[in-house]
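These notes are about the structure you will find just below.
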Amino acid sequence: MRRELHQQKKEILMERCFDCYAEHGLTGTGVKALAEACGCSSAVLYTYFADLDDLIVQSTAHCMTK
């Protein structure tokens, strides 16, 4: 159950981040802006992703498969 909740939260974060850098571009979007778009801190993002590149790769892959 806990793993499912973790995955659900991660998917929500990926979708919000993807929307944010789709709107503002990758070069103009840093971790602070992504965290703000998700309604969380950058530390929370780093709980789910190793770094900004990991977040971009995973969220792009996730959103493109939908």
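The values are calculated or read from the model by the stated rules, or taken from the named source; none is laboratory data. In this text the structure is predicted, and so the values were computed from the model without any measurement. A quick note on method: Cβ atoms are made from the backbone with ideal geometry, for glycine too, and the neighbour counts reach across all protein chains shown. Calculation scope for accessible area: heavy atoms of the full protein, side chains included, ligands and nucleic acids excluded. Shrake-Rupley method; radii C 1.70, N 1.55, O 1.52, S 1.80 Å.
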(request) Take Leu52, Leu13 and sort them by solvent-accessible surface of the protein heavy atoms, 1.4 Å probe, largest at the top. (result) Leu52, Leu13
(request) Please give every one of the lysines within straight-line cross-link reach of Lys32, meaning a C-alpha to C-alpha distance under 19 Å, and leave out same-chain neighbours fewer than 8 residues apart. (result) Lys9, Lys10
(request) Show that you can apply the helix-only estimate: for the chain, add -39,500 (n - 2.57) for every DSSP H stretch of four or more residues, divide by all residues, and state [θ] at 222 nm to the nearest 500. (result) -25000 deg cm²/dmol
(message) Give the aspartates and glutamates reachable from Lys66 as a straight Cα distance under 13 Å; neighbours fewer than 8 places away on the same chain don't count.
(response) Glu11, Glu15
(message) Just to check, using Stokes-Einstein with a Kirkwood Rh over alpha carbon pairs, what's the diffusion coefficient of the chain at 37 °C and 0.692 mPa s in µm²/s?
(response) 280
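Would you mind working out the magnitude of the charge dipole of the chain relative to its Cα centre, with +1 at each Lys and Arg C-beta and -1 at each Asp and Glu C-beta, to the nearest 20 Debye? Intermediate values should be presented prior to the final figure.
Numbers: 7 positive and 9 negative charges, 53 e Å.
Here the chain has a charge dipole of around 260 debye.
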(request) List the relative contact order of the chain as a percent without decimals, with contacts defined as Cα pairs under 8 Å and 6+ residues apart. (result) 41
(request) Would you work out what percent of the accessible area of the range 12-56, with all protein chains in place, is carbon or sulfur (probe 1.4 Å)? (result) 52
(message) If each residue of separation counts as 0.36 nm, what is the full-extension length gain between Glu15 and Glu36 once their alpha-carbon separation is subtracted?
(response) 6.2 nm
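With every protein chain left in place, what is the accessible area per residue of the chain in square angstrom, probe 1.4 Å? Show your work: numbers first, answer last.
On the way: 4490 Å² over 66 residues.
Result: 68 Å² of accessible area for each residue.
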